[in-house]
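The values are calculated or read from the model by the stated rules, or taken from the named source; none is laboratory data. Source: prediction; values computed, not measured. As a convention, Cβ positions derive from the backbone with ideal geometry for all residues, glycine included, and neighbour counts pool all protein chains shown. SASA here: full protein model, heavy atoms, side chains in, ligands and nucleic acids out. Shrake-Rupley method; radii C 1.70, N 1.55, O 1.52, S 1.80 Å.
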Amino acid sequence: MIDLAPYAVSERNTRGRVVAEDAPHGRSEFQRDRDRIIHSTAFRRLEYKTQVFVNHEGDLFRTRLTHSIEVAQIARSVARRLRLNEDLTEAISLAHDLGHTPFGHAGQDALHDCMRDHGGFEHNLQSLRVVDLLEERYAAFDGLNLCFETREGILKHCSAENAAKLGDVAERFRNKQRPSLEAQIANLADEIAYNNHDVDDGLRSGLLTLEQLGEVRLFAQHLNAVRNQHPQLPERRLIHETVRRMINTLVSDLMRETERNIAAQNLQTLDDVRAAPALVAFSDTVREQSRELKSFLHAHLYRHYRVMRMSAKARRIIRDLFHAFMEDKRLLPPQFQRQTEAESARAVADYIAGMTDRYAIREHRRLFAVEEG
Ligand code: MG
């Protein structure tokens, strides 16, 4: 096993679990966190939740599950190279989207809108709620009772209002400090994963073309290199080879730049990491190229009319479900029924956020279609 850097999160400097437990046998505390995440119900549901393309649109598109696994793969490679805690970054990566609603960002925006008078809905906060509270599997505690650093890493963003209510897990938002390097890596691995797999899925679906992507420098430079080296390559292989080289460029740049940043700060401890500026970063050139790719995807994929149609439908489904449940609480499964308006709203949001795409579609049909009970 590689020696961890002194500023990595380890079993020696962890702030531990809310409910004290015996040390695990044969695995580390952070391996245990990862294992609990993989065994959770919310993790299995990721298989049937939209990343960009709704689950039933095609068998080869990324789902939130395969997205999370790709994030973990990238994050682990970076963590290992930097002698950081690979198990922690893997746990954060696998858990980062557990709180996502069905239908991707459209679903989350719609639910946030519905919850406007009840504290809103943030998917990061919901991921934390899943691991802290909503998973009901263990005899001795609610949730998964994960280590502090895993929970803190899951809470990637958080409003000032929520940070004030959340206690020590949101301390860094109040103190304007950074999370561990392992959490920072998971965050950027997320960005690398979705930018690249959305290019791949966008091309596969026909919503994007190679010609359009030719205007994105990061893509064009690798596409041209692959075409020059392999002029006869069939298109699927050309795309994959280009995307894999893009990922490689981004990951290598991230590793180099982060190593430079760490060296420049003369880091000694985890507290140094917290006090320093964000150290896991791309170089200026690559950051700019990555930003260009991201805005291309916004303009041409996420706002493509076929994606917009699905998003509109998704928002309608989420809104209809929310209002139907709020108007008549008796329509809810008993475990989600509450007394007060505020408690009901949160329970309905938990119920809806936990749904897979197809479950939400079916539930909508059950409530609104006349021909089915
Ligand atoms: Mg993600």
Do we have Pro24 as open to solvent by 20 Å² or more (accessible area, probe 1.4 Å), in contact with a helix residue (DSSP H, G or I) (Cβ under 8 Å, 6 or more places away or on another chain) and more than 30 Å from Gly206 (Cα to Cα) here?
yes
Residue list for the range 241-280, restricted to those being among the small types (Gly, Ala, Ser) and open to solvent by less than 20 Å² (accessible area, probe 1.4 Å):
Ala276
Of all residues in the range 81-116, how many are touching a Gly at 6+ places or on another chain (Cβ under 8 Å), polar (S, T, N, Q) and either at pLDDT below 95 or open to solvent by 20 Å² or more (accessible area, probe 1.4 Å) (or both)?
0
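Got a sec? Which helices (runs of 4 or more DSSP H) wholly within the range 71-141 have at least 3 residues that are under 27 Å from Ser180 (Cβ atoms) and within 15 Å of the ligand (Cβ to nearest atom)?
86-95, 123-129
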Can Glu57 be described as within 13 Å of the ligand (Cβ to nearest atom), within 25 Å of Arg303 (Cα to Cα) and either surrounded by fewer than 24 Cβ atoms within 10 Å (Cβ to Cβ) or not aliphatic (A, V, I, L, M) (or both)?
no
Given the criteria outside any helix (DSSP H, G or I), under 27 Å from His100 (Cα atoms) and within 16 Å of the ligand (Cβ to nearest atom), does His197 qualify?
no
Within the range 315-353, work out how many residues are part of a loop (DSSP other than H, G, I, E, B) and open to solvent by 20 Å² or more (accessible area, probe 1.4 Å).
6
Output the number of residues of the range 146-199 satisfying the condition of being in contact (Cβ under 8 Å) with a residue 60 or more places away in the chain and crowded, with 19+ Cβ neighbours inside 10 Å.
26
